[in-house]
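Trainee: Following this message is one structure expressed as structure tokens.
Taken together, the values in this text are just the output of simple stated rules run on the coordinates, not laboratory data. Because the structure is predicted, anything quoted here is derived from the model rather than measured. No Cβ is skipped: glycine too gets one built from the backbone with ideal geometry, and neighbour counts run over all protein chains shown.
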Amino acid sequence: MLNKSPSQQFGFYFFIVKQVPLSAVWHQVGTCKFGLDPQTTVLDLNCRTHDVENLYVVDGSFFPSMGAVNPTLTIIANALRVSDRLKNNYES
Ligand SMILES: Cc1cc2nc3c(=O)[nH]c(=O)nc-3n(C[C@H](O)[C@H](O)[C@H](O)COP(=O)(O)OP(=O)(O)OC[C@H]3O[C@@H](n4cnc5c(N)ncnc54)[C@H](O)[C@@H]3O)c2cc1C
């Protein structure tokens with residue numbers, strides 16, 4: 001039982017939420033959030049700006065909101081995803 005993850009033990013994940021002041025925020029994200037609607041988002045789902053055809057943003061700003069855990073690995077994974085797509089588009 002002790003070797004099992006929370007989702008295996010309980011069937012769901014849970015997170016403890018604590019409000020912190022702005023001065024303590026280390027994970028600022030969302031200033032160029034991605035999404036389908038150009039009226040409410042800066043980037044499309046492949047992190048290309050809705051307005052400029054060859055401008056991509058692959059830092060932490062693409063998140064629509066901050067998750068419950070540290071963001072860096074997701075930022076890196078997303079940058080690799082987008083760069084693979086750019087490479088494939090460039091080669092074809
Ligand atoms: C104290 C602290 C602890 C953290 N600990 C963790 C952790 O343990 N795990 C985790 O996952 N995340 C952690 N984070 C969050 C993580 O560091 C950030 O979410 C992540 O680095 C954001 O990556 P980014 O590429 O969006 O921006 P950044 O890493 O901030 O990169 C932006 C880069 O752009 C450069 N730049 C800015 N302006 C210009 C300009 N005009 N011209 C050229 N270059 C420019 C900057 O110098 C910088 O190198 C921590 C953050 C802080 C502040």
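Trainee: Do we have any residue at all in segment 52-63 that's free of Cβ contacts under 8 Å to residues at least 60 places away in the same chain, under 12 Å from the mean Cα position of the chain (by Cα), surrounded by 10 or more Cβ atoms within 10 Å (Cβ to Cβ) and away from the ligand (no atom under 11 Å from the Cβ)? Reasoning before the result, please.
Mentor: Looking only at segment 52-63, we keep the residues that are free of Cβ contacts under 8 Å to residues at least 60 places away in the same chain, and these are 52-63.
Next cut, under 12 Å from the mean Cα position of the chain (by Cα) only: 57-63.
Cutting the leftovers down to surrounded by 10 or more Cβ atoms within 10 Å (Cβ to Cβ) gives us 57-63.
Applying the additional criterion that residues be away from the ligand (no atom under 11 Å from the Cβ) yields none.
There is no residue in segment 52-63 that is free of Cβ contacts under 8 Å to residues at least 60 places away in the same chain, under 12 Å from the mean Cα position of the chain (by Cα), surrounded by 10 or more Cβ atoms within 10 Å (Cβ to Cβ) and away from the ligand (no atom under 11 Å from the Cβ).
Trainee: Got a number for residues in segment 41-59 being touching a Ser or Thr at 6+ places or on another chain (Cβ under 8 Å) and not in a strand (DSSP E or B)?
Mentor: 5
Trainee: Restricting attention to segment 80-90, does a residue exist that is under 27 Å from Val17 (Cα atoms) and in contact (Cβ under 8 Å) with a residue 24 or more places away in the chain?
Mentor: Checking segment 80-90: not a single residue is under 27 Å from Val17 (Cα atoms) and in contact (Cβ under 8 Å) with a residue 24 or more places away in the chain.
Trainee: May I pose another question? Do you know which residues across segment 21-32 are within 21 Å of the chain's Cα centre (by Cα) and more than 9 Å from the ligand (Cβ to nearest atom)?
Mentor: Residues satisfying the conditions are Leu22, Ala24, Gly30, Thr31, Cys32.
Trainee: Among the residues of segment 14-40, which ones are of a type outside the set (A, V, I, L, M, F, W, C), in a loop (DSSP other than H, G, I, E, B) and surrounded by fewer than 10 Cβ atoms within 10 Å (Cβ to Cβ)?
Mentor: First, the residues of segment 14-40 that are of a type outside the set (A, V, I, L, M, F, W, C): 18-19, 21, 23, 27-28, 30-31, 33, 35, 37-40.
Among the residues that remain, those that are also in a loop (DSSP other than H, G, I, E, B) are: 18-19, 21, 27-28, 30-31, 33, 35, 37-40.
Selection gives Lys18, Gln19, Pro21, Asp37, Gln39, Thr40.
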